[in-house]
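Data block below; observations after.
We did not get these values from a lab; they are worked out from the coordinates using the rules stated. Since we're looking at a predicted model, the values are computed, not measured. Quick reminder, even Gly has a Cβ in these numbers, built from the backbone with ideal geometry, and neighbours come from all protein chains shown.
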Amino acid sequence: MTNLEIGLVSFPALLILIFLRVPIGLAMFVTGAVGLGLVDGRPDIVLAKLKTESFSAFSSYSLSIVPMFLLMGQFSTLGGMSQSLFKAAESWLGHRRGGVAMAAVGACAGFGSICGSSLATAATMGRVALPELRRYGYSGGFASATLAAGGTLGILIPPSIVLVIYAILTEQNIAKLFLAAMIPGLLAAVGYVLVISIYVRLHPDAAGTRPPVPMNERWRALLDVWPVMLIFGSVVGGIYLGWFTPTEGAAVGAFGTGLIAWLNKGLTLKTLAESFVMVARSTAMIFFIVLGAGLFNGFLARTQAPQEISQFVVSQGFSPWAILTIILVFYLVFGCLMDSLSMILLTIPIFFPVIAVLDFGLSMEHLAIWFGILVLIVVEVGLITPPVGMNLFIINAMDRDTPISETYKAVAYFVTSDIVRVILLVLFPAITLFLLPS
Amino acid sequence: MHRFFTGLSRLMAILGGSVLTLLILLICVSILGRSLNTILHGPLFDGALSGVAAWLLALGIGPVNGDFELVEAGIAFTIFAFMPLCHITGGHASVEIFTSWLPEKANSLWGMIIEIVFALVMVTIAIKLKDGMYSQIRTGTTTFLLEFPIWWAYALSLLGASVAAVVAVYMACARVVEALTQRVIIPIAEGAEH
């Protein structure tokens, strides 16, 4: 076999391993190691490479942002910021038709601005908002679907761990990616609110009402969310204005949320240890995939497969828009099966060179940022689509009385809004790039 | 036995988390020092207060020297220390829907094979990290600013990697016993988080 053939054969081999329940990071590690051994017919090279490979993958200043953002999310949960966000949103929106559900989406968006993970957002807001939704007569399926979809705002609205990984893979500026994610993230929240108002008109019995809250109480509730605004402002603003690097911003955010959690008596030695355990589990999972993907992508680069594929695609003369559509549909389909970070680490090194040579009438940097935001959205849809939508499972586990099939029915409305949004962003790149300096 | 290894993994996770927290504090102190340093050099301290500024700056107010290097060394330890807990709780992401229709026995056998390969990989990673550490000792490479030997960072990481390898071997043994006796020792954990 030529090196290129080895590279091309490795894709189906890797996919088979993944679909046979081999942990994704392990599958990439093994395929990459075997492939590297075959490329030069010298297995000893693999072993020599491993002397530094794991240490250099883990001792990364820019990737240290990942555990810091995860810890920040844990502290935000402990600090009671989810309650104050929901209370503020509910006091303004709760009396409307479907208003408590809209408030849950609003609170998810707020929480997403200080938390870089969808699952943490879904879990935290689910605990706060699900009992309230049920109390005001919202149907189980609708309430669960709202919170599962709202949870995806955790990663769509910056800070976002997926964007950090994308930025590192494609060598883009994290600050600019965060900025570009802002309007699409807010559009997502607006889209979900629209979905709720349509849903409650189609299914009037799915939602109850609650009495309005007096104006002065509304303002007071809104004032109570100042810590969230302060932290979001200093982290994202500070990174953008160049006061500090993204890693420093994450450290400031973790420190700030930790301090607030401690002042609110949410942070004790016991909860701190539990936070470490939660962060450890997610961090180790992500970094093992990073390690496996590093080995696999290093091997692929040796076989020249990514360059050959991108040259082949370009030489076929397909329309750039057709190729982009195929890639996005691919993510939507695979997102039903795989988690978003694995997918990005696995596919960006192959897809990005293809996208990079296509002409969409955008500068290289704008193209990379626009594509990153589109990918971010389509991979996150996978969190709320059956059969393995993790957000659906998390919310479902909190409300055992609701059959998951009911949630699936209601979540279809939210998925539709996601797809409409992707189409809008594809057709009008300016929505994404609007906030960026030209 | 399972309680011992779970406890060990949790201990490593908490150790790793503590180092992570120290790094966060270090970065915050460094930012604070850098900001103060900028202010002291700024127009506010230009005139009558320049003596105060000079005095404060002489105390060494400024960014922490080599914070970048400390973060890199510390975060490597943190990540390695986090590995055992993820492994023992079945936290690694995988796609399970295609194997769910397999008979239970085939699934447990296949799970055993995966766990054995995983253990081999983790042991290899730890051994190779040790070799890497010896190379660093031989060449005597130091970091750029603080000039501490890089093998120190390797040694710390090796601690985490070794526990991860031991836990992986324990998990493989447990799955072998399970497959042989058809008895569940460690229930398969729920899906991973990310």
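Shape class of region A:142-267 from the Cα gyration tensor (axes a ≥ b ≥ c, square roots of the eigenvalues): oblate, since a/c reaches 1.5 or more and a/b does not exceed b/c.
Over all directions, average the projected area of the Cα convex hull of region A:109-204 and note it in nm². Walk me through the numbers before you get to the answer.
Details: hull surface 25.0 nm².
Mean shadow area of the hull around the Cα atoms is 6.3 nm².
FRET efficiency for the pair B:LEU180 and A:ARG220, taken as 1/(1 + (r/R0)^6) with r the Cβ-Cβ distance and R0 = 51 Å, rounds to 0.20. Segment B:ILE113..B:HIS2, full-extension length gain: 38.0 nm, with 0.36 nm per residue of separation and the alpha-carbon distance subtracted. Of B:ASN107, B:GLY91, B:LEU156, which is farthest towards the positive pole of region B:41-194's charge dipole, taken about the Cα centre with +1 and -1 on the beta-carbons of Lys, Arg and Asp, Glu respectively? It is B:ASN107.
Computed from label points 7 Å out along Cα-Cβ, the spacing between A:MET398 and B:LEU44 is 4.3 nm.
Residues within the reach of a label modelled at A:ARG201 (point 7 angstrom out along Cα to beta-carbon, backbone nitrogen below 15 Å), restricted to region A:86-117, are A:97-99. With helices as the sole contributors, chain A gives -25000 deg cm²/dmol at 222 nm; each DSSP H run of n ≥ 4 counts as -39500 (n - 2.57), and the sum is divided by every residue. Result for chain A in a Gaussian network model with C-alpha springs under 10 Å: among A:ILE231, A:ILE355, A:ILE309, the largest mean-square fluctuation is at A:ILE309.
Short-range pairs are left out: with C-alpha atoms under 8 Å and at least six residues apart, the relative contact order of region A:193-281 is 16 percent.
Name the residues whose placed amide hydrogens come within less than 5 Å of the amide hydrogen of B:THR142, ignoring near sequence neighbours (fewer than 5 apart) on the same chain. Hits under the 5 Å cutoff: B:ILE150. For region B:91-194, the relative contact order is 41 percent, taking Cα pairs closer than 8 Å that sit 6 or more residues apart in sequence and dividing their mean separation by the residue count. Give me D for region A:1-90 in µm² s⁻¹, whole number, from Stokes-Einstein with Rh from the Kirkwood sum over alpha-carbon pairs, 37 °C and 0.692 mPa s. It diffuses with D of about 196 µm²/s by this estimate. Using a Gaussian network model of chain A in which every pair of alpha carbons under 10 angstrom is joined by a spring, one finds that among A:GLN304, A:GLN172, A:GLN83 the greatest mean-square fluctuation is at A:GLN304. Once a ≥ b ≥ c are taken as the square roots of the eigenvalues of the Cα gyration tensor of the protein assembly as shown, is the result rounded (a/c under 1.5), prolate (a/b larger than b/c) or oblate (a/b not larger than b/c)? Rounded. With a Cα cut-off of under 20 Å and a minimum spacing of 8 residues unless on different chains, the lysine pairs in the protein assembly as shown number 5. Label positions at B:LEU25 and A:PHE318, each projected 7 Å from the Cα along the C-beta direction, are separated by 5.4 nm. Assuming charge only on the beta carbon of Lys and Arg (+1) and of Asp and Glu (-1), the dipole of region A:76-176 about its Cα centre is about 300 debye to the nearest 20.
What FRET efficiency do you get for A:LEU362 and A:VAL34 if R0 is 41 Å and r is their Cβ-Cβ distance, rounded to the nearest 0.05?
0.60
Simple point charges give the picture: +1 on the Cβ of Lys and Arg, -1 on the Cβ of Asp and Glu, and for the protein assembly as shown a dipole about the Cα centre of about 1100 debye.
Each label was represented as a point 7 Å from its Cα along the Cα-to-Cβ direction; for A:SER62 and A:MET1 these points are 3.1 nm apart.
Listed highest first by mean packing, meaning other Cβ atoms within 10 Å per residue, what order do A:262-272, B:160-170 come in?
Order by mean packing, descending: B:160-170, A:262-272.
A simple rule links phi to the HN-Hα coupling: the Karplus curve 6.51 cos²θ - 1.76 cosθ + 1.60 with θ = phi - 60°, which for region A:2-14 gives 6, 4, 4, 4, 4, x, 5, 5, 5, 4, x, 4, 5 Hz, with x for Gly and Pro.
How high is the relative contact order of chain A, in percent, with contacts defined as C-alpha pairs under 8 Å that are six or more residues apart? It comes to 26 percent, rounded to a whole number. FRET efficiency for the pair B:LEU159 and A:ARG210, taken as 1/(1 + (r/R0)^6) with r the Cβ-Cβ distance and R0 = 60 Å, rounds to 0.65. For chain B, modelled as a GNM whose springs connect Cα atoms under 10 angstrom apart, the maximal fluctuation among B:MET112, B:MET171, B:MET12 occurs at B:MET112. Taken one residue at a time, the phi angles of region A:219-235 give Karplus couplings (6.51, -1.76, 1.60, θ = phi - 60°) of 5, 5, 4, 5, 5, 5, 8, 4, x, 4, 5, 4, 5, 4, x, 6, 6 Hz. Gly and Pro are set to x.
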